[in-house]
1. Going by average Cβ density within 10 Å per residue, which order do the peptides 115-126, 136-147 take, highest to lowest?
2. Taking every pair of distinct Cα atoms and averaging 1/r, then inverting, what Kirkwood hydrodynamic radius in Å comes out for region 1-91?
3. On average, how much accessible surface per residue is there in region 30-80, in Å², for a 1.4 Å probe, leaving out ligands, DNA and RNA?
4. Quick check on region 50-92: what are the equivalent-ellipsoid semi-axes from the Cα gyration tensor, as sqrt(5λ), descending, whole Å?
5. Where does each of Leu30, Leu21, Leu44 land when they are ordered by accessible area, with a 1.4 Å probe and the largest first?
6. Quick one: which residues, 5+ away or cross-chain, put their amide H under 5 Å from the amide H of Asn52? H built at 1.01 Å from N.
7. Quick one: 3J(HN,Hα) in Hz for region 100-111, Karplus 6.51/-1.76/1.60 with θ = phi - 60°, rounded, Gly and Pro as x.
8. Would you kindly state how much longer the chain becomes between Thr107 and Ala134 on full extension, computed as 0.36 nm times their sequence separation minus their alpha carbon distance, in nm to one decimal?
Amino acid sequence: MVQFGRDLCAFNALRPYTSYLSYVPEMRPLVEEYAERTRPSSVLFLGQRYLNQVLLPDIAADPADYFYVYPKLSDRHRPFAMQLQVGEVVRGTTILALVFQGLDAGTRPIYLLDLYVRTPESPDIAFEWEEMRAWQDAAHQAIVTAFEGAITDRCRDLIGREEA
């Protein structure tokens, strides 16, 4: 999903995911059409976000076995949310949020791994496709780095099994 407004241009990847490289060609005509119609002088905000819902195998699963960023808590699968700044990109920051969302049918814990890269307000970026594309490419690499740094091999195996 690409969002436009007077003060933003944001790309949000929602399920079902394909790949960033498949989204980029779809983004360009939208950005160019919006720019042609509204003639913005600059970008006031850019963002890229991936929402990853991870369903653990069962109630006995330890979230720390799946997420490197999971803190030491006395009880597993309790109401929980945390947000961390995990990196910087040129004209932007990378935010990681991990949230316990409850149990799926009472048996499988659901966690949301939310990865978000955004610019500060009024970054020095022209509302032109090539400059915005360069920022989105850097943002995507930051998302990949944050995702890979947040999940364990056990989580990678779990995600792979569920996607298959």
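The values are calculated or read from the model by the stated rules, or taken from the named source; none is laboratory data. For clarity, every value in this text was computed on a predicted model and none was experimentally measured. For neighbour counting, all protein chains shown are included, and Cβ atoms are generated from backbone atoms with ideal geometry for every residue, glycine included. When the accessible area is computed, the model is the full protein with side chains, heavy atoms only, and any ligands, DNA or RNA have been set aside. Shrake-Rupley method; radii C 1.70, N 1.55, O 1.52, S 1.80 Å.
1. Values: 115-126: 17.0, 136-147: 18.8.
Descending packing order for the listed peptides: 136-147, 115-126.
2. On the way: mean 1/r = 0.0597 Å⁻¹.
Kirkwood hydrodynamic radius for region 1-91: 16.7 Å.
3. 59
4. Values: eigenvalues 128, 32, 17 Å².
Largest first, region 50-92 gives 25, 13, 9 Å.
5. Numbers: Leu30 85, Leu21 125, Leu44 50 Å².
If we order Leu30, Leu21, Leu44 from most to least accessible, we get Leu21, Leu30, Leu44.
6. Placed amide hydrogens put Leu113, Asp114, Leu115 under 5 Å from Asn52.
7. 7, 9, x, 10, 7, 6, x, 10, 10, x, 10, 10
8. Numbers: separation 27, 0.36 × 27 = 9.72 nm, distance 4.32 nm.
Contour length minus the Cα-Cα distance gives 5.4 nm.
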